[in-house]
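Here's the structure we're looking at; comments come further down.
The values are calculated or read from the model by the stated rules, or taken from the named source; none is laboratory data. No experiment lies behind these values; they were computed from the predicted model shown. Cβ placement follows ideal geometry from the backbone for every residue including glycine, while neighbour counts extend to all protein chains displayed. We work out accessible area using only protein heavy atoms, side chains counted, and drop any ligands, DNA or RNA first. Shrake-Rupley method; radii C 1.70, N 1.55, O 1.52, S 1.80 Å.
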Amino acid sequence: MKHTVITIARGYGSGGRTLGKLLAKELGINCYDRELLRMASDESGINEALFGKVDETLKSMPLFKIARREYKGEILPPDSDEFVSDDNLFNYQAKVIRELADTESCVIIGRCADYLLKDHEAAIRLFFYAPKEDCIARVMKQNGGTEKEIIKKIEKTDKGRSEYYKYYTGRDWNDARNYDLCLNTSSMSYEKLIEAVKSYISIRI
């Protein structure tokens with residue numbers, strides 16, 4: 001297969017993470033999800049736990065402070081007062097994502113990868129979503145819990161991802177124009193969704 005980097009943005013409960021892993025297995029390439037936190041930690045020397053605390057979410061702050069802070073590629077050195085700031089943690093994670101995209105075919109889940117690689121010739125940017133009732137059913141089957149608890153989790157997670165994306169890209173997370181292909185995961189089985197993506201990839205490359 002020609003060098004291909006597939007980025008996956010996904011609504012919570014859409015099955016996007018599962019699809020990413022299945023797609024990577026089908027294509028015989030690596031899938032990077034939370035592994036990116038460890039890799040960014042190794043790259044920077046910053047404790048992995050700090051990356052985990054701001055993984056696809058912003059720390060609590062007044063809404064007026066959630067303003068555009070578009071990634072420019074800069075990395076702050078260890079002697080900087082902002083070395084372990086949330087923004088620099090993002091910088092290191094972004095650096096890892098861009099280096100992976102340059103060196104191997106892979107699937108990268110979340111973490112603004114579609115934006116970071118928007119000009120990368122090998123990137124194919126996907127967005128998976130589903131109606132709320134389908135997301136609730138999927139989360140309930142996988143993790144259990146009451147419907148009220150699950151709805152709260154879905155809303156909180158998607159809100160966090162949306163604010164995180166807006167802050168670092170200046171764009172709306174669920175805007176179809178950010179992606180090459182958007183798929184409603186309730187419309188097909190995982191197997192058919194994978195086949196649809198593979199067909200699209202074959203056309204693109």
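Can you list residue pairs whose Cβ atoms sit under 6 Å apart, with the first residue in the range 125-143 being under 24 Å from Ala101 (Cβ atoms) and the second being among the charged types (D, E, K, R) and assigned to a loop (DSSP other than H, G, I, E, B)? Count only pairs 6 or more apart in sequence or on different chains.
What qualifies is Arg125/Asp180.
Pull out all pairs, ordered by first then second residue, where Cβ-Cβ is under 8 Å, the residues are six or more apart or on different chains, the first lies in the range 94-117 and is in contact (Cβ under 8 Å) with a residue 24 or more places away in the chain and of a type in the set (Phe, Trp, Tyr), and the second is assigned to a loop (DSSP other than H, G, I, E, B) and open to solvent by less than 30 Å² (accessible area, probe 1.4 Å).
Matching pairs, first to second residue: Tyr115/Tyr71.
Got a sec? Which of Lys152, Lys118 is touching a Lys or Arg at 6+ places or on another chain (Cβ under 8 Å), open to solvent by 40 Å² or more (accessible area, probe 1.4 Å) and of a type outside the set (S, T, N, Q)? Outline the logic, then answer.
Details: Lys152 fails: touching a Lys or Arg at 6+ places or on another chain (Cβ under 8 Å).
Criteria check complete, one pass: Lys118.
Only one of (1) part of a helix (DSSP H, G or I); (2) closer than 16 Å to Leu36 by Cβ is not met by Ile108, so which one is it?
(1)
If you go through the range 168-178, how many residues are open to solvent by less than 30 Å² (accessible area, probe 1.4 Å) and either touching a Leu at 6+ places or on another chain (Cβ under 6 Å) or aliphatic (A, V, I, L, M) (or both)?
Selection size over the range 168-178: 0.
Please specify each residue of the range 7-35 satisfying the condition of being open to solvent by less than 40 Å² (accessible area, probe 1.4 Å) and of a type in the set (Ser, Thr, Tyr).
Step one: list which residues in the range 7-35 are open to solvent by less than 40 Å² (accessible area, probe 1.4 Å), which gives 7-11, 13-16, 19-20, 23-24, 29, 31-33.
Residues satisfying the conditions are Thr7, Ser14, Tyr32.
Table: residues versus (1) touching a Cys at 6+ places or on another chain (Cβ under 6 Å); (2) farther than 20 Å from Asp158 by Cβ; (3) free of Cβ contacts under 8 Å to residues at least 40 places away in the same chain.
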{"site": "Thr4", "(1), (2), (3)": "no, yes, no"}
{"site": "Lys25", "(1), (2), (3)": "no, yes, yes"}
{"site": "Arg34", "(1), (2), (3)": "no, no, yes"}
{"site": "Ser44", "(1), (2), (3)": "no, yes, no"}
{"site": "Ala49", "(1), (2), (3)": "no, yes, yes"}
{"site": "Gly52", "(1), (2), (3)": "no, no, yes"}
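Under 6 Å between Cβ atoms, at least 6 apart or on separate chains: pull out the pairs that start in the range 153-172 with a residue that is closer than 15 Å to Phe90 by Cβ and outside any helix (DSSP H, G or I) and end on any residue that is charged (D, E, K, R) and open to solvent by 30 Å² or more (accessible area, probe 1.4 Å).
Matching pairs, first to second residue: Gly170/Arg68; Gly170/Glu70.
Which one of the conditions (1) in a helix (DSSP H, G or I); (2) modelled with pLDDT under 95; (3) open to solvent by 60 Å² or more (accessible area, probe 1.4 Å); (4) acidic (Asp, Glu) does Asp87 fail to meet, given that it meets all the rest?
Failing condition for Asp87: (3).
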